[in-house]
Amino acid sequence: MKILVTGGAGFIGSHYVRSLLQGRFPGGEGAEVTVLDKLTYAGNLANLDPVKDDPRLRVVVGDIVDAETVDPLVDWADHVVHFAAETHVDRSLQAAGEFIQTDVFGTFVLLEAARRAPRLRRFIQISTDEVYGSVPEGASVETDELRPRNPYSASKAAADRLAYSYWASYQVPVIVTRASNNYGPNQFPEKVIPLFITNLIEGHTVPLYGDGLNVRDWLHVDDHCRAVDMVIERGIEGEVYNIGGGNEVRNVDLTHRLLELLGAGSDMIQPVADRVGHDRRYALDTSKLRRLGWEPEVAFDEGLARTVAWYRENGWWWRPIKEQDPAFRAYYDAQYGSRTR
Ligand code: NAD
Ligand code: DAU
């Protein structure tokens with residue numbers, strides 16, 4: 001089985017590739033994997049270190065907007081699992097152009113290649129729960145209206161529906177997944193959990209947006225990867241599957257859990273101005289996926305403690321980004337500088 005994984009050097013994509021090659025999915029033994037990744041600031045080949053010498057892995061450094069790169073790789077594949085994207089909401093609020101380029105146009109280039117691909121059996125469009133917009137109560141089901149409210153989620157909603165349209169119009173074997181907030185090792189330290197953990201390890205305060213009462217549903221990255229595998233095995237073309245961890249937590253409560261795990265006091269919380277248009281709550285109804293036989297396995301408290309331990313033990317992975325990379329410093333200053341004053 002030949003699998004093209006776009007964005008395979010990023011957080012979730014690299015966990016997915018490692019799971020495939022380390023035989024953690026039933027039927028994954030025969031997998032040959034090609035990663036296509038542009039290695040943006042968020043891509044890191046070190047994420048693939050545990051499998052880098054595996055002869056079944058090929059890494060192509062390239063851009064999904066480039067049809068000359070994309071076409072032969074999609075032609076080769078039985079399955080495309082499309083993770084590649086610009087992913088950080090705050091960056092999309094600073095500058096949205098790359099989000100439109102990669103998340104929308106890049107997806108279009110992949111879908112055009114998929115239309116012509118001779119052997120393609122699955123095209124998994126990795127979407128997000130953010131496409132539903134803020135959910136004041138209840139839980140989103142797959143047929144709900146999409147109401148994205150920031151440039152990142154709007155780009156992802158466009159890609160989500162574009163992928164669907166290639167199934168409806170051209171029978172490209174598309175399945176869309178919409179996952180909730182992921183956490184775990186190897187997540188770039190701009191997202192709230194790794195940012196707060198690494199700030200606390202460094203002895204810095206943590207910038208909590210607004211009143212801290214926004215709610216996210218936390219999903220361990222390994223549970224997300226198992227769900228993607230399940231959808232490839234048992235999902236139905238043209239359908240959408242929500243993937244949620246069932247761990248709804250307010251940001252302020254998440255912050256206190258992290259403070260406790262890292263032995264810090266609440267004086268380390270720095271309240272800062274809110275994210276503009278900040279979605280209050282996301283929540284997913286995952287019964288459709290559960291009917292396929294999936295359920296999350298990682299308890300949030302345990303997964304969070306393991307994640308903290310990973311960042312404590314792997315300073316080599318994140319310290320160069322936070323402490324030596326001028327691009328990260330510039331991002332951090334632009335993002336937080338004026339809000340903390
Ligand atoms: P990430 O930012 O850690 O990694 C993205 C990867 O895509 C990087 O390796 C980057 O180099 C690559 N990439 C970016 N632009 C590219 C381009 N033009 N061509 C080729 N490669 C490119 O992201 P992540 O958190 O692992 O998210 C992966 C996918 O899952 C995304 O589609 C995201 O929207 C979706 N998702 C993420 C979450 C989450 O909580 N992280 C939740 C739901 C859905
Ligand atoms: O819901 C799925 C989405 O989850 C994915 O599609 C996105 O790719 C991923 O980035 C994530 O988006 P969020 O905006 O929810 O994640 P983030 O980690 O940026 O923020 C989580 C919550 O924490 C959110 O309510 C904002 C808050 N926050 C975030 C940062 C970075 C803070 O309070 N302070 C911060 O410094």
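Read-outs throughout are calculated quantities, based only on the coordinates presented, and are distinct from any laboratory measurement. Quick caveat, the model's predicted, so the values are computed rather than measured. For neighbour counting, all protein chains shown are included, and Cβ atoms are generated from backbone atoms with ideal geometry for every residue, glycine included.
Looking at segment 253-341, the helices (runs of 4 or more DSSP H) lying wholly inside it that each contain 2 or more residues that are surrounded by 14 or more Cβ atoms within 10 Å (Cβ to Cβ), under 19 Å from the mean Cα position of the chain (by Cα) and touching a residue at least 24 places away in the same chain (Cβ under 8 Å) sit at 300-313, 315-319. Checking each residue in segment 310-337 for being within 13 Å of Ile201 (Cβ to Cβ) and among the acidic types (Asp, Glu) picks out Glu313, Glu323.
Taking the criterion of being within 12 Å of ligand 2 (Cβ to nearest atom) and over 18 Å from Trp167 (Cβ atoms), the residues of segment 99-132 that qualify are Phe99, Asp103, Thr128, Asp129, Glu130, Tyr132.
Could you please give the count of residues in segment 228-245 that are in a helix (DSSP H, G or I) and surrounded by fewer than 24 Cβ atoms within 10 Å (Cβ to Cβ)?
The total comes to 6.
Conditions (1) closer than 14 Å to Ile126 by Cβ; (2) part of a loop (DSSP other than H, G, I, E, B); (3) away from ligand 1 (no atom under 16 Å from the Cβ), marked per residue:
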residue	(1), (2), (3)
Val5	yes, no, no
Ala9	no, yes, no
Ser14	yes, no, no
Val17	yes, no, no
Leu20	no, no, no
Arg24	no, yes, yes
Gly30	no, yes, yes
Val33	no, no, no
Leu39	no, yes, no
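Mind checking which residues of segment 117-145 are more than 14 Å from ligand 1 (Cβ to nearest atom) and among the β-branched types (Val, Ile, Thr)? Selection gives Val135, Val141, Thr143. Here Ala157 passes the criteria (1) more than 21 Å from the chain's Cα centre (by Cα); (2) without any contact (Cβ under 8 Å) to a residue 60 or more places away in the chain except the one numbered (1). Just one residue in the set Ala85, Ala46 is surrounded by fewer than 21 Cβ atoms within 10 Å (Cβ to Cβ) and in contact with a Phe, Trp or Tyr (Cβ under 9 Å, 6 or more places away or on another chain); that residue is Ala46.
For segment 69-87, which residues satisfy the criterion of being assigned to a loop (DSSP other than H, G, I, E, B) and of a type in the set (D, E, K, R)? If the condition is that a residue be assigned to a loop (DSSP other than H, G, I, E, B) and of a type in the set (D, E, K, R), then Asp78, Glu86 are the ones that fit. For beta carbons closer than 6 Å, sequence separation of 6+ or different chains, a first residue in segment 1-26 that is over 18 Å from Ala114 (Cβ atoms) and a second that is within 16 Å of ligand 2 (Cβ to nearest atom) and among the aliphatic types (A, V, I, L, M), the qualifying pairs are Gly10/Ala42; Ile12/Val221; His15/Val221.
Could you run through segment 193-203 and say how many residues are touching a residue at least 40 places away in the same chain (Cβ under 8 Å) and surrounded by fewer than 20 Cβ atoms within 10 Å (Cβ to Cβ)? Residues that pass the stated criteria total 2.
Would you pick out the residues in segment 161-206 that are within 20 Å of Ala42 (Cβ to Cβ) and in a helix (DSSP H, G or I)? Those that are within 20 Å of Ala42 (Cβ to Cβ) and in a helix (DSSP H, G or I): Val192, Ile193, Pro194, Leu195, Phe196, Ile197, Thr198, Asn199.
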